[in-house]
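Reading through the structure tokens given below for one structure.
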Amino acid sequence: AQAREIAQKHLDAIRAAPDPKAAMAGLAKTESDCSSAHKGGDLGMFKKGAMQKVFEDATWALAVGGLSELVETDSGVHVILRTA
């Protein structure tokens, strides 16, 4: 529950930022424990079947530039900003 509360605060900050992409990258670098943190959370291009299904489904449901609600997977709680 604590991880979800923290992630929600980050999501709210990203939504409120004048540049959500920059806000997402900054938070990913300082707050994420994912291996993509050093790249501002950028996972790069990936094909279907490469990620956990819940994560993929949330990603593919977004329009380019879209920001997800919180997404919970076996790896944790995520915020997804689709860039391509």
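When segment 13-30 is examined, which residues are found to be surrounded by 12 or more Cβ atoms within 10 Å (Cβ to Cβ) and either of a type in the set (S, T, N, Q) or not in a loop (DSSP other than H, G, I, E, B) (or both)?
Those that are surrounded by 12 or more Cβ atoms within 10 Å (Cβ to Cβ) and either of a type in the set (S, T, N, Q) or not in a loop (DSSP other than H, G, I, E, B) (or both): 13, 14, 20, 21, 22, 23, 24, 25, 26, 27, 28, 29.
Take the conditions in a loop (DSSP other than H, G, I, E, B), open to solvent by 40 Å² or more (accessible area, probe 1.4 Å) and touching a Gly at 6+ places or on another chain (Cβ under 9 Å) and apply them to residue 33. Does it pass?
Yes: the conditions hold for residue 33.
Checking residue 10 against (1) part of a helix (DSSP H, G or I); (2) open to solvent by less than 60 Å² (accessible area, probe 1.4 Å); (3) within 15 Å of residue 83 (Cα to Cα), which test does it fail?
Condition (3) is where residue 10 drops out.
Restricting to segment 46-84, name every residue that is in a loop (DSSP other than H, G, I, E, B) and among the β-branched types (Val, Ile, Thr). Let's see the steps before the verdict.
Step one: filter segment 46-84 for residues in a loop (DSSP other than H, G, I, E, B), giving 46-52, 62-66, 68-70, 74-75, 79-80, 82-84.
Those that are in a loop (DSSP other than H, G, I, E, B) and among the β-branched types (Val, Ile, Thr): 64, 79, 80, 83.
List pairs: first in segment 45-59 and closer than 17 Å to residue 84 by Cβ, second in a loop (DSSP other than H, G, I, E, B) and hydrophobic (A, V, I, L, M, F, W, C), Cβ under 8 Å, 6+ apart or cross-chain?
45/84; 51/43; 55/80; 56/50; 58/80; 59/51; 59/80
Could you tell me whether residue 50 is in contact with an Asp or Glu (Cβ under 9 Å, 6 or more places away or on another chain), loosely packed, with under 14 Cβ neighbours inside 10 Å and more than 22 Å from residue 2 (Cα to Cα)?
yes
The values are calculated or read from the model by the stated rules, or taken from the named source; none is laboratory data. Not measured: the values here are computed from a predicted model. Glycine also receives a Cβ, built like all others from the backbone with ideal geometry; neighbour counts cover every protein chain displayed. Keep in mind that these areas ignore ligands, DNA and RNA; they rest on the heavy atoms of the full protein, side chains included. Shrake-Rupley method; radii C 1.70, N 1.55, O 1.52, S 1.80 Å.
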